[in-house]
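Structure record follows, encoded as structure tokens.
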Amino acid sequence: MPEWPDDVAEELRQHLDDQYRELRAAGASHDDALRAMADDVNAVRSRRSGLRPELVAADVRYAFRTLRRNPGFAIVVLLTLALGIGANAAIFSVVNGVLLRPLPYRDADRLMVIRGDLKRPGLNDIPASAGEYVDYRDRSHAFEQVAAYDTVGFNLTGGGEPERVDGAIVSTTLFSLLGASAQVGRTLVADEDQPGRDDVVVLSHSLWTRRFSANPAIVGQTIPVDGRPAQVVGVMPAAFQFPDRSIEIWKPFLLDADALSDNNRGSHGYTALARLKAGISRQQAQADLNAVTAAFKADHPGNYRNGFGATLRPLQEEIVGDTGRPLIVLLGAVAIVLLIACANVANLLLARAASRRKEIALRTALGASRGRLVRQLMTESVLVSAIGGSIGLGLAAWGVDLLITSAPDSIPRIQEVGVDARVAGFTALVSLATGLVFGLVPALRASRAPLNDALKEGGRAGGGVHGFAGRALVVSEVALSLVLLIAAGLLIHSFTRLQDVAPGFDSSRLLTFRLSLPESRYTTFQKGQSFFDEFFAGLRRSPGVRGVAAINALPFSGLGGSRSFHIEGREEKRPEDQTEEQLRIVTDGYFAAMGIPIVAGREFTDRDALNQPRVAVVNDAMAKKHWPHESPIGKRVSFSTDEPHWYEIVGVAGNIKHRALEAADRPELYVPYRQPLFAGWTVRPMYVIARTSADPASTVAIARHEIARVDRDQPISDVRTMDERIGRSLSSRRFSMVLLALFAGLALTLAAVGIYGVVAYAVTERTHEIGVRVALGAQRRDVMAMVVGQGMTMTLVGTAIGVAASAALARLMSSLLFGVSAVDPATFVAIPLLLVAVALAACYVPARRAMRVDPLQALRSE
Amino acid sequence: MLDRELKKGSAELLILSLLEDQPRHGYDLSKLIETRSGGLLKFRVASLYPLLYRLEKRGWILGRWIEKAGQRRRRYYRLTPVGAHVLASQRDTWREFVLAISRVTGVEHA
């Protein structure tokens with residue numbers, strides 16, 4: 001009542017006036033009279049302002065009482081909502097932490113990555129060379145600062161076990177660009193990229209704690225890094241990570257004349273970062289960048305192909321990469337679970353509203369307005385969803401911990417995921433929306449119940465009101481859960497297909513680890529070769545070791561690399577048009593140790609030495625691609641055009657899966673470690689593989705021991721069995737699959753509860769009718785068929801809609817599948833059958849109850 | 001909650017009943033309800049006048065300002081024919097309701 005007509009106001013004034021006079025006439029003092037009237041006056045005031053908090057409070061109290069009267073109802077509803085909202089909050093936490101929350105650097109939205117771009121597929125993501133970094137830094141105007149980095153590994157020795165740690169070589173500007181300062185000591189200063197000044201390192205908090213017992217005195221001391229002394233200048237705070245958590249040491253890269261020479265202008269190894277000046281847009285910065293690239297292209301005409309340019313993209317995008325899509329699919333899946341939960345709760349409320357019709361009719365008869373009733377009922381549902389949401393948030397906090405520990409490493413920033421204010425806000429919003437969604441329809445329906453009917457009908461509530469809406473809700477539940485089930489089914493089917501893919505080598509009992517000999521000690525590749533010869537000889541003699549070899553880029557290690565080459569006798573091509581294929585450098589016996597079959601010819605032996613004719617092995621895909629109609633054996637290839645070293649192909653090996661099981665077979669070219677591509681070749685980081693006759697894990701200690709016998713300062717890292725590596729390559733897929741299957745299972749359970757609820761309710765409602773039917777001679781079988789038929793009609797309609805919806809959504813799924821069509825007939829038959837079976841079970845329980853209805857009792861109760 | 005509405009529903013019934021014999025003004029109505037119920041029922045002004053206003057809008061009662069010599073003008077309400085009809089049916093409903101309640105409570109106590 002926002003405004004009262006003047007009439008009412010005048011009457012009120014008069015009334016109060018009358019009351020006052022009367023009180024005074026009865027002997028009350030002025031103050032007493034006013035005090036006696038205070039309540040009335042206050043009530044008038046609060047009504048006038050339209051604020052009636054006492055009503056809202058009363059509604060909430062009433063809602064609590066109603067819930068306490070029906071504990072069973074309350075528990076089922078709260079549990080359903082807590083699971084639905086909790087799952088949403090948990091997945092949203094991940095989306096929030098990974099995709100939405102800004103990176104943990106100062107003004108992170110102004111941080112950009114600069115990439116070289118040849119505007120050709122595969123060539124639009126080129127890192128920067130040292131010379132380009134300096135040009136971006138000195139010639140641009142749009143950036144406050146420019147930095148560059150590359151991730152590398154460092155061998156730490158001296159004092160304790162030698163250790164291989166992940167690190168980064170960085171420009172001295174990196175820390176100030178990120179806005180990060182050291183916890184102890186300092187970060188890098190300007191001239192530490194100059195020769196003689198660059199032997200300094202900054203440690204991460206984790207490395208400092210682990211290896212140096214968090215001793216602040218380490219700052220200023222010298223430690224051996226890759227065999228050279230380096231001074232520790234600072235330790236970063238625990239919260240600092242760049243570019244990710246695995247990096248534990250930062251060292252400046254050298255910007256000497258050699259690094260900046262034209263020769264090295266094409267060594268694109270660094271990721272260049274830039275911080276936009278405040279107020280500069282990405283477009284303005286891009287224009288500035290175009291001018292810079294045009295200028296340095298003109299200065300170094302021999303170094304750039306046509307069309308070279310540089311593009312900017314946000315650092316956040318660079319770090320998050322393409323993990324967004326599966327996360328969004330999962331968020332969609334939990335949203336569906338919540339919708340189903342809403343439908344279930346709405347159904348329960350409808351059923352309850354039907355049994356509360358008497359109460360509601362009575363209250364209407366006593367003068368409660370419809371709006372008042374709807375508000376009362378909505379207060380109840382919002383209260384229920386608020387409690388459910390709070391429990392859900394608790395579940396989410398627990399679920400997020402579980403998610404973080406089970407999530408694959410490939411999800412960036414996963415360690416930053418947690419329940420924060422934004423997640424809490426999201427949950428509150430979702431809870432409120434949930435309450436409104438599941439509460440509104442039942443509330444409107446309940447309040448519309450025709451008065452006289454409800455009162456006259458006695459105890460039995462009519463089925464009509466609940467009937468249609470309830471059935472529609474169940475149909476949509478079935479359809480929604482089927483969509484999820486089919487999606488999960490497709491992912492599971494893909495996963496089993498993928499697990500059946502043979503990698504092309506024997507992955508069992510294969511120990512693998514990384515060994516990076518430092519160039520400071522192993523200055524020539526011959527020194528590296530003798531290290532391997534001695535180490536391998538020792539390891540081969542060890543018990544349980546059946547084969548040993550090494551490769552530069554191990555399958556399933558994430559490493560790879562291609563090189564351009566020329567086939568003897570074929571037309572010379574311009575440098576930019578030369579053929580490029582994956583190149584692997586392996587020690588002799590690699591194919592035998594890996595169990596890769598040699599299809600034709602032979603593999604490398606220790607006689608393929610530097611002073612012998614150079615040899616190469618190609619895989620089957622390579623042979624078919626480049627020598628489609630002839631044998632490649634005896635053909636020769638070369639990797640440099642100026643003074644060709646010809647490598648004669650002596651063998652053809654079987655194809656293997658290198659990057660992932662789902663990857664297509666790629667052409668590969670193998671050359672022996674003993675015959676390096678160029679003069680002046682130095683040692684490279686290698687992966688060692690050891691085939692064992694027992695558990696490969698027991699060989700780790702033996703390998704360490706044998707290495708230490710040759711050089712006790714050489715650590716090994718990335719120690720895993722091959723089966724572990726293949727398992728990890730599947731971990732992202734497994735993660736999405738398990739979560740989706742979990743949500744689909746939840747959806748199926750909720751749908752089953754929904755079907756059970758509606759059928760059971762219908763049986764209760766129709767007890768009388770069933771009694772009559774049985775009395776008139778209907779068989780128990782007929783009763784059963786009637787009840788089950790009702791439930792199954794809803795199920796089948798829902799199934800049909802769900803199948804159609806899944807087929808329509810198939811295109812969204814296809815990029816996540818492997819070896820399975822998005823409309824895979826097996827899945828589209830098996831999953832609906834599963835759902836129908838569950839629905840049958842859900843109908844069977846109430847149907848049995850209907851069968852046992854005693855006609856006499858059913859009729860007598862009338 | 002229930003008793004609040006009970007009061008509200010019954011309030012309509014009470015007001016209509018009190019206006020059945022003669023027109024009355026608001027203060028008179030509130031005094032009568034209080035005295036005749038032996039002080040058990042008491043209406044706050046904040047509810048009474050809006051209720052009168054609502055009843056008038058529904059066309060169940062009609063208010064008129066009447067001036068009497070030596071007194072302020074007062075607004076007197078009387079029952080309309082519609083109001084009389086509603087009163088009759090509400091009395092029935094009320095009777096049924098009371099009967100129903102006593103049946104139910106009677107059964108429960110049996």
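The values are calculated or read from the model by the stated rules, or taken from the named source; none is laboratory data. On a predicted model such as this, the values are computed, not experimentally measured, just so you know. When we count neighbours, we look across all protein chains shown, and the Cβ atoms used for this are built from the backbone with ideal geometry, even at glycine.
Numbers for the structure displayed
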quantity: Strands (runs of 3 or more DSSP E) wholly inside the range A:619-728 that include at least 1 residues being in contact with a helix residue (DSSP H, G or I) (Cβ under 8 Å, 6 or more places away or on another chain); calculated: A:647-653, A:668-672, A:686-692, A:716-721
quantity: Only one of A:V76, A:V98, A:V113, A:V44 that is over 30 Å from A:G332 (Cα atoms), of a type in the set (A, V, I, L, M, F, W, C) and at pLDDT below 85; calculated: A:V44
quantity: Any hit, the range B:63-75, residues being touching a residue at least 40 places away in the same chain (Cβ under 8 Å) and crowded, with 18+ Cβ neighbours inside 10 Å; calculated: yes
quantity: Filter pass, A:L730 being free of Cβ contacts under 8 Å to residues at least 40 places away in the same chain and hydrophobic (A, V, I, L, M, F, W, C); calculated: no
quantity: Among the residues listed as A:G601, A:G595, the single one being more than 44 Å from the chain's Cα centre (by Cα), within 30 Å of A:F536 (Cα to Cα), buried (at least 16 other Cβ atoms within 10 Å of the Cβ) and assigned by TED's automatic domain parsing to the domain that holds A:D533; calculated: A:G601
quantity: Given (1) over 17 Å from B:L14 (Cβ atoms); (2) within 12 Å of chain A (Cβ to nearest Cβ), number of the condition B:A69 does not satisfy; calculated: (2)
quantity: Cβ-Cβ under 6 Å pairs, at least 6 apart or on other chains, the range A:136-152 side in contact (Cβ under 8 Å) with a residue 40 or more places away in the chain and in the same structural domain as A:Q241 (by TED's automatic domain parsing), far side among the polar types (S, T, N, Q) and assigned to a strand (DSSP E or B); calculated: A:Y149/A:T271
quantity: Test set (1) modelled with pLDDT of 90 or more; (2) aliphatic (A, V, I, L, M); (3) surrounded by fewer than 17 Cβ atoms within 10 Å (Cβ to Cβ); (4) closer than 30 Å to A:I411 by Cβ - A:L273 fails condition number; calculated: (3)
quantity: Residue tally, condition more than 10 Å from chain B (Cβ to nearest Cβ) and in a helix (DSSP H, G or I), over the range A:14-28; calculated: 5
quantity: Complete set of residues in the range B:76-95 that are within 12 Å of chain A (Cβ to nearest Cβ) and surrounded by 13 or more Cβ atoms within 10 Å (Cβ to Cβ); calculated: B:Y76, B:Y77, B:Q90, B:T93, B:W94
quantity: Matching residues in the range A:219-257 - criterion: being of a type in the set (S, T, N, Q) and assigned to a loop (DSSP other than H, G, I, E, B); calculated: A:Q221, A:Q241, A:S246
quantity: Flag for B:L29 being assigned to a helix (DSSP H, G or I) and in contact with a strand residue (DSSP E or B) (Cβ under 6 Å, 6 or more places away or on another chain); calculated: no
quantity: Pair list, Cβ < 6 Å and 6+ apart or interchain, from the range A:797-810 residues that are without any contact (Cβ under 8 Å) to a residue 40 or more places away in the chain to residues that are of a type in the set (V, I, T); calculated: A:A807/A:V823; A:A810/A:V823
quantity: Qualifying residue in the range B:37-48 (condition: assigned to a helix (DSSP H, G or I) and away from chain A (no Cβ under 11 Å)); calculated: no
quantity: Total residues in the range A:664-697, condition of a type in the set (A, V, I, L, M, F, W, C) and under 21 Å from A:I598 (Cα atoms); calculated: 6
quantity: Some residue of the range B:51-66 being among the small types (G, A, S) and closer than 27 Å to A:I360 by Cβ; calculated: yes
quantity: Any hit, the range A:825-845, residues being touching an Asp or Glu at 6+ places or on another chain (Cβ under 9 Å) and within 30 Å of A:A407 (Cα to Cα); calculated: no
